[in-house]
Amino acid sequence: MHLSRIHIYPLKSGAGIERQHALVEPRGLTDDRRWMIVDNDGRFITGRTVPGLVLLHAIPHPKGLLLKADGQPDLLVHPPNNSGPKRSVTVWGDQLTVPWVPTASAWLHRTLNTPAHLVTMPDEVLRPVDPDFAKANEIVSFADGFPLLLIGEASLADLNKRLDTPVTMAHFRPNLVITGCDPYAEDHWREIQIGDVRLSLVKRCARCIFTTVDPATGTRNASGEPLRTLKTYRRSEDGKVMFGQNALPRSVGTLCINDPITVLSSH
């Protein structure tokens, strides 16, 4: 088994970027989901409610973050300093006070056709992982709940055999894609090592309507696929639809494409 793909999503729900290597930090991969869009009330905005957000490209830049979208001029935003404006924001059940970039609001409003504001997560802001799953006071970025998401290529291939129209891995927005194992083998792993980096796989990932958004078009599949098919065979005991594994870093280090994967423990 080996690591076949690495993805980061600098802006929560924005377009992904593929990497050949990436540094694993305590809150996830470097530059992954460190920026987020919120509404006027500070509530996070995602592709669940604004599907076109997946077409917004946010590219890490030496001077900050470069925003790109069709029909709009590029916008380079600079990270706000500690004395700059801040906003109280909500990510699921978490409330955080984080820096925001007022100069991006008009650009985002035009691009997404809804009031929107850009915020960022500096190193000093610590958002804890759900204590029901954290093991050592782990922290997470603006990701839904965990630092890393891992999916096997064989799992996607098995799903696509059941679909009339295949979907891509981008529909599921993983950070790490693996190859060389059976479909859903990742469901049973507890501890793995990729290269020199150790990870704990702590919870299968519950999937939602976001999986029905086509990352190439920014539109939702009217048939409800692939979520509709996943519901027929990937429901957990509590009725949630599972696909992929959420992971917590047990060490920091650099991951590279083709790094070998060793399963250290399973259940």
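The numbers here are math on the coordinates, done by the rules we state, and not lab data. Note that the coordinates shown come from a computational prediction; the quantities given were computed from them, not determined experimentally. Here the Cβ is made from the backbone with ideal geometry for all residues, glycine too, and neighbour counts use every protein chain on show.
Listed from fewest to most Cβ neighbours within 10 Å, the set SER13, SER4, SER83 follows the order SER83, SER4, SER13. Length available on full extension from TYR233 to ARG220: 0.36 nm per residue minus the Cα-Cα distance, which gives 2.5 nm. Pairs of Lys residues in the chain are counted when their Cα atoms are under 17 angstrom apart and they lie 8 or more places apart or on different chains; the count is 5. Taking the alpha-carbon centroid of each part, what is the distance from the range 206-257 to the range 70-123 in angstrom? If you average the Cα positions of each part, the centres end up 26 Å apart.
For a modelled paramagnetic label at MET1, 7 Å from Cα along Cα-to-Cβ, the residues of the range 188-221 in reach, with backbone nitrogen under 16 Å, are 188-205. Among the listed values (1) 19.6, 63; (2) 18.1, 53; (3) 23.2, 72, the one matching Rg and Dmax of the Cα atoms in Å as calculated from this structure is (2). Sites count as exposed loop sites when they are trypsin sites (Lys or Arg not before Pro), lie in a DSSP loop, and have at most 13 other Cβ atoms within 10 angstrom; the longest stretch of the chain without one is 136-267.
Of the GluC sites (Glu not before Pro) found in the range 114-176, the ones in coil according to DSSP and having at most 14 other Cβ atoms within 10 Å of their Cβ are GLU124. Quick check: net charge around GLU237, other residues with Cβ under 15 Å of its Cβ, Lys/Arg +1 and Asp/Glu -1? The answer is +4. At q = 0.22, 0.24 Å⁻¹, work out log10 I(q)/I(0) for the range 35-126 with the Debye formula, treating every Cα as an identical point scatterer and leaving solvent out; two decimals please. Log10 I(q)/I(0), no solvent term: -1.20, -1.40. The calculated 222 nm mean residue ellipticity attributable to helices in the chain amounts to -2500 deg cm²/dmol, summing -39500 (n - 2.57) over DSSP H runs of n ≥ 4 and dividing by all residues.
Footprinting exposure proxy ranking of THR211, THR114, fewest other C-beta atoms within 10 angstrom first, gives THR114, THR211.
Under the simplified labelling scheme, the THR179-ASP41 pair shows an inter-label distance of 4.5 nm, with each label point 7 Å from Cα along Cα→Cβ.
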